[in-house]
Every structure is written in structure tokens, then in C-alpha cells.
1. Only residues that are under 21 Å from A:Ser209 (Cα atoms) and touching a helix residue (DSSP H, G or I) at 6+ places or on another chain (Cβ under 9 Å): list them for the stretch B:90-133, please.
2. Have a look at B:Ile67, B:Ile155, B:Ile78 and point out the one that is more than 27 Å from B:Gly183 (Cβ to Cβ), aliphatic (A, V, I, L, M) and over 21 Å from the mean Cα position of the chain (by Cα).
3. Looking at the stretch A:54-64, can you tell me whether even one residue there is closer than 23 Å to A:Thr123 by Cα and surrounded by fewer than 20 Cβ atoms within 10 Å (Cβ to Cβ)?
4. Answer with yes or no whether A:Gln70 is surrounded by 15 or more Cβ atoms within 10 Å (Cβ to Cβ) and out of contact with any strand residue (DSSP E or B) (no Cβ under 6 Å at 6 or more places or on another chain).
5. Does the stretch B:173-185 include one or more residues that are within 13 Å of chain A (Cβ to nearest Cβ), touching a Lys or Arg at 6+ places or on another chain (Cβ under 8 Å) and either buried (at least 18 other Cβ atoms within 10 Å of the Cβ) or small (Gly, Ala, Ser) (or both)?
6. Would you mind finding the one in A:Gly167, A:Gly159 that is within 9 Å of chain B (Cβ to nearest Cβ), under 18 Å from B:His116 (Cα atoms) and touching a His at 6+ places or on another chain (Cβ under 9 Å)?
7. Could you grab the pairs with beta carbons closer than 7 Å, sequence gap of 6+ or different chains, first residue in the stretch B:4-27 and of a type in the set (Val, Ile, Thr), second one surrounded by fewer than 20 Cβ atoms within 10 Å (Cβ to Cβ) and part of a loop (DSSP other than H, G, I, E, B)?
8. Yes or no: A:Cys179 surrounded by 23 or more Cβ atoms within 10 Å (Cβ to Cβ) and either within 7 Å of another protein chain (Cβ to nearest Cβ) or under 20 Å from B:Ser125 (Cβ atoms) (or both)?
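The values are calculated or read from the model by the stated rules, or taken from the named source; none is laboratory data. Small disclaimer: the values here were computed from a predicted structure and weren't measured. All Cβ positions, even for glycine, are placed from backbone atoms using ideal geometry, and neighbour counts span all protein chains on display.
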Amino acid sequence: MIVAEQKPLEEIKSMIADARKVLVLGCGTCVTVCFAGGEKEVSILASQLRMATRLDGQEKEIRELTVQRQCEYEYNELAADHVRDADMVISLACGIGVQTMNEQYPEKLTVPGLNTSGLSQPTEQGVWEERCQACGNCVLHLTGGLCPVARCAKSLLNGPCGGSQRGICEVYAERETPCVWDQIYHRLKDLGQLDKLLEIEPAKNWHTSRDGGQRKIVREDLRL
Amino acid sequence: MSDNGYLVGSNLEKALRAGYFVATGELGPPQSADRHEIEHKAQFLKGIVESVNITDNQTAVVRMSSISVAVMLMELGIEPNIQMTCRDRNRIAIQSDLLGAHALGCRNLLCLTGDHQTFGNHPNSKNVHDLDSISLLQVCRDMRDKKVFECGDAIKGQEPRFLLGAAANPFADPFEFRPYRLGKKARAGADFIQTQLIFNVPKFRDYMRRVVDLGFHEETYILAGVGPIKSLGAAKYMATKVPGMEVDPEYITRMQSCTKDLPSLGEIKAMDDPAEAKAARNARKEAAEAEGIKICVEIIDACKEIEGVAGVHIMAIEWEEAVDEIVKTCQLGPKYDPARQPA
């Protein structure tokens, strides 16, 4: 899922400094599941902003709302009245939600309350680990189902560098982050597919990644 | 064009082909635009090693560029071995720089992935890693042997020709995969390999036995990475702080005990006479340096006996003065190898 973390309160406060009426708008999908921008987080941030702006002597009117999916117009239509009444919107959605709101309600500025930080797997309660970088050219069939593009600090495609020790990546040694190439090695060994590691993977085509420019999928079979 | 059947005809290639047990050196460019520092270090390496590696922003610290220092070394009569990492340049910039490097006279190239930028002095920078060390080797080999750029376009005119090198770390994990990775680099185009610093000879011997069993030593020249330890602190640092590095505890003990008959640091601190204290500190330093060089010489001598090792790569960064004594004692290189002296 898309995961995100809330920005520091001070940063959010500075973004809304010139507004008097502010809508905090949550999203009921990914960021709800990762406890960053759902109804509960909207309520907490709204309360914090009410208190903080009161203490600063510039109390703002903070309203709250959470839509089911902020990256789609039809869900955001439910927020139309709230947006109209507000001077500014703080979105607690991922970067897609923030941009959808700005596009859909161009007369009001929607600012980001979250930092969107990856496509991750919740590996234990309160822990999300990045798993995919959406490079548009999947190699998981070559690597035993573990992604070196997202999980290797150098996105290596030809096996572990010299900084892999006792299964830990040197770059994140303090966090004890596993070396994904060590994991790939052991996985392929278990699968009896170590020969795959001997194949030379030539220069990757990054055109399908962001490097080819903003990506767009058009499915003619689905268009109306 | 190659001459006399050589790929590039560099000193390094000629010495390797001739079957000498070669020695290469290393020079770390300055963190400034100061040419004098290079000239100062270069004097200690001139004429005693086949070629000198010039690091490419090693440990991701900004330094003078490898190719520009290579030009200065050539002006000083030293053959450079330029280094190129995948961290800071994409395939466009890499190929462009290598066209220039050939035109400037460089003929040896070490292809590396590069240290991650979080270790350096610009940890907030964006890294590139468009290629990795192995795909970089392929690109460089195809430019040289097929006269094509990575995209497949023909190189019209002079192609960039380099003797291609790669690094190998025999001590990193998964240990059992490391010989295969060396073989993969050889297949991708590595004409020679320079290994990580060796301070665990038995483990390196095990590694080389497997490399030889797999026949990879016949596909590429393998140079064992060696270097003198300057102090007990340096030995401990390498043993505990440098990822992918193994230091035999015996060397730490030796670096410690080599100063045991001399006044301790505590005793020196208590000395009243500053001149006496200075002399005592110097004596400790000299004893440690002598032991460090002795260990390095022993490791080189051990490597000479390991099948499949074609030479040594001596890394004495910030201690270039030590290289002469090492190659002299080991009788290596153009100046000291008895086999290479005119009759």
C-alpha cells in the first residue's frame, strides 16, 4: 500500500498561517490503514491545530472531514460544501490525493499534511517496509520474489556488493536492514535456482520508470 | 587500435601478460583544487608500480575528479588507472567521460558500483545507479570490442579502449557466492580484478582455491588488495568499523605488542621534558609503522604463493611513502623485480 507520515506540526502551522478557516481532509484508504491520514488522525491534527493556534493568539476555525478515497473526484464531491466554506485545505492523503483536490477545487489551495514515503508492506504492528518502487519493468521473477530495485540501497541488479555482511546492508547497518541480495541468494538457493544469479543482467531500461517522464496508462478497452 | 596484440598496450597490461607478479598503487585525490598535493604524493609512486589507481570520490566524499588527476599523473610520468563509479553518473555521462579519458591518454579503468553517499560528506544527495559495476563493465567492453555505445549506436571514429578492471571483496557475504561474482565480472569484461584489503590470509586462500577450481583465474588477472597498517588504532578501526573487512586478531595483537618495550602513552604524558616526550612518541610511531609494513610484506609474500594471484594492489592511501619500502622488500615492480632488470 501507499504509506505516509504526518509532517511536523510546526510545518503544517506555517503552511496555513494566512488562513482563518481551515479544512483538515482525511482519506479512508491507504493512509487510514497506515494510521497517517484517516478519520482518527484528522481528528487529532484538528484538535492540535485548534489548541496551537489558540495558544498563539490567532485561533483558527478548523473543520474536519474524511472521504473514502481522495484520489477520485466522485468521493471528493462530498467535501464540496466544506471546501467552499474554508480558506484552505490541509490534506491528510498521499500526494495523489493532494493533487486531485487542487485540480478539482482550483479556487482553494490544498496543502500536504503528510509526507508520502513509499509503497510498503506492514511487516509488524507499527512497521512498514518499502517493497516496490514502481519502476514499471518488474524483475521479481529473476530474483526469487524480492525486489532489488526498491530494497537494495544501490538498486543493484547483478548480486550483492561488497558491503553485505552477515546478511545486513552496510548502508543501514544501524537499523539492521537486511541485505536484499543476501536474501535473494538464500531464496534462490532454497528454490534450486542459483543459476539465475550467474546470468548477467544488462543495463536496465529505466524508461518505464519515472526517468521516461510522467507515466500514464491508457486502457482503450475500459474507456467510455 | 590495439598494438602488438595487446588490448590497450598499457604498462599494466604488458606486465600482466608478461607473467610478472605485478604491483599497482593507489592515490586519493585531494578535497581541494590543489595540484601540489598530487605532485607530492606522486613522487612516492613513480617508477615503482605498474599503474596507480585514482579513486573516484571514494567513500562518497567530494574530491578532485579521477580523470583530471590521471592527466596530471601522466604529465608526471606515472601510468594512471582511472576509477569510475555508477553512483554519480548515468550511462550518458559515463560514456562521455570515458571518450574524453581515452582521448587524454588513459588506458586502464576500474569499474565500480561506488560507495553509498550516506557514508560521505553529501548524504542528502541523489544517487544515480543507472548501471551497476557489472553492466558498466559490459558497456565499456562493448565500446572497446564492438565499437558501439550502450544504446547500440556505432562509434564512428576512435573507440575508447581501456584495460578493464573490477573490484572483488572475498570477505563479504554470502561468502560462498563471492567466487561466482568474480567470475561474473570476468565474463562481463573484467580483464583484471583488484580485491578488498586482505588481512585474513587463510580466508583469502579458501576463496582463491574456489576461484581456481572454477577456472576464473584463467579468465582474468587477480590482484590481491594489500596495505600497510599505520597504527593500532587503524587496525582496530578496520576490524570493527569497515563493513566487508576482516582483520586477523593476530595483527591487532602484533600492532599492540610492537610498542610494549617502549614508554607507554601514559608514561609519555608524565614526562617533564617535552623533547624527551616527543622522541618517545616518535619511537612508538616508528615501531608501529615498521610493524605495519612488516605485516604487509608478509601478506604479499603469502599471496605470491597462492595459486591464481597475479599480483598485488597496494593501497597506502595517505601513506604513499611506505610503498617503496614494501615493493623493495618484496622485490616487485619495474624497479625492484630482479626478473625485470636489464642483464
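1. Residues of the stretch B:90-133 under 21 Å from A:Ser209 (Cα atoms): B:90-94, B:113, B:125-133.
Scanning the stretch B:90-133 gives B:Asn90, B:Arg91, B:Ile94, B:Thr113, B:Ser125, B:Lys126, B:Asn127, B:Val128, B:Asp130, B:Leu131, B:Ser133.
2. On the way: B:Ile67 fails: over 21 Å from the mean Cα position of the chain (by Cα); B:Ile78 fails: over 21 Å from the mean Cα position of the chain (by Cα).
Sole residue among the options that is more than 27 Å from B:Gly183 (Cβ to Cβ), aliphatic (A, V, I, L, M) and over 21 Å from the mean Cα position of the chain (by Cα): B:Ile155.
3. Taking the stretch A:54-64 and keeping what is closer than 23 Å to A:Thr123 by Cα, we get none.
For the stretch A:54-64, residues closer than 23 Å to A:Thr123 by Cα and surrounded by fewer than 20 Cβ atoms within 10 Å (Cβ to Cβ): absent.
4. On the way: surrounded by 15 or more Cβ atoms within 10 Å (Cβ to Cβ): yes; out of contact with any strand residue (DSSP E or B) (no Cβ under 6 Å at 6 or more places or on another chain): no.
So A:Gln70 fails the test.
5. Yes; the residues of the stretch B:173-185 include at least one that is within 13 Å of chain A (Cβ to nearest Cβ), touching a Lys or Arg at 6+ places or on another chain (Cβ under 8 Å) and either buried (at least 18 other Cβ atoms within 10 Å of the Cβ) or small (Gly, Ala, Ser) (or both).
6. On the way: A:Gly159 fails: touching a His at 6+ places or on another chain (Cβ under 9 Å).
After ruling out the rest, the residue left standing is A:Gly167.
7. B:Val8/B:Ser2
8. Values: surrounded by 23 or more Cβ atoms within 10 Å (Cβ to Cβ): yes; either within 7 Å of another protein chain (Cβ to nearest Cβ) or under 20 Å from B:Ser125 (Cβ atoms) (or both): no.
It is false that A:Cys179 is surrounded by 23 or more Cβ atoms within 10 Å (Cβ to Cβ) and either within 7 Å of another protein chain (Cβ to nearest Cβ) or under 20 Å from B:Ser125 (Cβ atoms) (or both).
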